[in-house]
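Inspection log for the structure reproduced underneath, given as structure tokens.
The values are calculated or read from the model by the stated rules, or taken from the named source; none is laboratory data. Quick caveat: nothing in here was measured; it's all calculated off a predicted structure. Reconstructed Cβ throughout: ideal geometry from the backbone, glycine too, with neighbour counts over all protein chains shown. Accessible surface areas use protein heavy atoms only, side chains included; no ligands, DNA or RNA. Shrake-Rupley method; radii C 1.70, N 1.55, O 1.52, S 1.80 Å.
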Amino acid sequence: MVQPSAKGRLRSVGLVTAGVVAFYMGLSVYENQEGLFRTFVLPAVRWLPAEAGNNLALMACKYRLYPVSGYRDNINLKTSFFGRPISNPIGIAAGFDKNGEAVQGLKDLGFGFIEIGSVTPQAQIGNPKPRIFRLHNDRAIINRKGVDSDGHEAVVKRLRHLRATKAIDVVVGVNLERNRTSKTPVMDYMTGVKTFAPWADYLVVNYDHLKGMRSVNNKTKLIELLEGVNKARAQLGDKVNVPILLKLSPDLTLDEMRDVAAVIKMYACRVDGLIVSNATMYRGNLRVSRLATENGGISGEPLRERSTRLIAQMYELTNGCVPIIGVGGISSGRDAYEKIAAGASYVQIYTAFVYEGPALVDRVKADLSAWLTKLGYTNINDAVGSNYQRYLPSTD
Ligand SMILES: Cc1cc2nc3c(=O)[nH]c(=O)nc-3n(C[C@H](O)[C@H](O)[C@H](O)COP(=O)(O)O)c2cc1C
């Protein structure tokens, strides 16, 4: 008798687990039971390879296989996003729905805004698998996907279709990246601006290559990049004035942050907001895990304080003149509140959502709303930057 290979056995275990998960997902949706979901589905997902777990979560959002929430956002979370009213300031971060497949489902889960991408001009497959690892004890993910993307053409088609047929009334941002082998990276971002500006509510320049910004060369590169995207937007004429945001690495030194702050104050390099931050390469605060040595950026709990600190620093360096989207390790209303008190006007979540499932969204909103009330704020906007000094690194 032919014995199945180890790979074949692993595949069978994966398929059976996926089947069981799908069954209980269906059951919990049918019965609208969050408890069933938490007791069966989330632990089962734990046994899947991390990327399969993430894909399953995405599919569940795409096909709306989640228990429906009846939660209504409290009025104190209501704010505006570059002129568009939103009922809460909590978004899903880039990387979860890279290709814009699950926008409607994510909206139904209660996110106030949705960022899709990163999207590259040409489709690319990213790094070889495995390339995502869950560090359960750290509530963290290591990710070295290397941007797998369906490419501009496929994603813009999806977005256009969504706008045309469903009249989706949710803020959708598109996060732009360059192709890995591109010889003209600035052109890649400029093409992204031209392709998505008519369909997106905001665009993000995901330029995670600022480390070593002190080198004059890198500073010049950032200026070239931001001049390029501003030019691309200007070429679209007055009718298209989509906000462009810059997403930062949490591993910038203070000097590098100062350079970023100085560059974005230059007229030709204007950005309308900052996203702080992407995943970190820092591993000093991880618990011991056999996976901790895997290459890649770390997101989730170990990133939380680091990104909050960077938010406070950028808030100070820019005098609060551009809105900041705070992201990194948020898993509760208190975490979200800390980012806001440090200077963020909005927040995003990724890793905790994958660990905790859809109920997290309502929980964070309800908690955040309660924190605001407890601290005497009538609206989220009053709390922005209210305590940023507290989160600055000490200078002694
Ligand atoms: C698997 C994975 C894929 C990601 N892909 C992207 C991406 O394509 N573009 C991007 O700007 N950020 C990407 N991110 C970073 C997130 O948007 C976010 O900045 C980071 O995970 C910190 O938030 P969190 O701690 O809530 O996860 C990715 C993160 C993860 C875990």
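Pairs of alpha carbons in region 122-184 separated by more than 15 Å make up 66% of all such pairs. Dividing the mean sequence gap of close Cα pairs (under 8 Å, 6+ apart) by how many residues the chain holds gives a relative contact order of 15 percent. Within the same chain, lysines fewer than 8 places from residue 194 are excluded, and of the rest, those with a Cα less than 18 Å from its Cα are 157, 231, 239. Secondary-structure-derived ellipticity at 222 nm for the chain, considering helices only, amounts to -12500 deg cm²/dmol, per-run term -39500 (n - 2.57) for DSSP H runs with n ≥ 4. In a simple Cβ point-charge model (Lys, Arg +1; Asp, Glu -1; nothing else charged), the chain has a dipole of about 760 debye relative to its Cα centre. Computed with a 1.4 Å probe over protein heavy atoms only, the accessible surface of region 72-391 comes to 41 Å² per residue.
Stokes-Einstein diffusion for region 227-268 at 37 °C, viscosity 0.692 mPa s, with a Kirkwood radius from C-alpha pairs, works out to 272 µm²/s. In units of the rule-of-thumb radius 2.2 N^0.38 Å, the chain shows an alpha carbon radius of gyration of 0.97. If you roll a 1.4 angstrom probe over the protein chains with everything in place, what fraction of the accessible area of the chain belongs to carbon and sulfur, to the nearest %? Carbon and sulfur atoms account for 53 percent of the accessible area of the chain. As an equivalent ellipsoid, region 295-396 spans semi-axes of 21, 19, 11 angstrom, where each value is the square root of five times an eigenvalue of the C-alpha gyration tensor, largest first. Of 102, 154, 279, which has the largest mean-square fluctuation in a 10 Å C-alpha GNM of the chain? Maximum fluctuation in the GNM of the chain, among the listed residues, is at 154. Per the Debye formula on identical point scatterers at the alpha carbon atoms of region 149-255, with no solvent, log10 I(q)/I(0) at q = 0.25 Å⁻¹ is -1.45. Kirkwood radius for region 32-178, taken over all pairs of different Cα atoms as the inverse mean of 1/r, rounds to 16.7 Å.
Database remark: amide H of residue 344 closer than 5 angstrom to the amide H of 385 (H placed geometrically; neighbours at sequence offset of 5 or more, or on other chains; Pro and chain starts carry no H).
Shown in residue order for region 173-186 are the 3J(HN,Hα) couplings computed by the Karplus curve 6.51 cos²θ - 1.76 cosθ + 1.60 at θ = phi - 60°: x, 10, 8, 9, 10, 9, 6, 4, 9, 5, 8, 10, x, 4 Hz (x for Gly and Pro). For region 217-358, the gyration tensor built on C-alpha atoms gives a prolate shape. Its axis ratio a/c (a ≥ b ≥ c) is at least 1.5, and a/b is the larger of a/b and b/c. Counting heavy atoms of the protein chains alone, residue 136 has an accessible area of about 50 Å² for a 1.4 Å probe.
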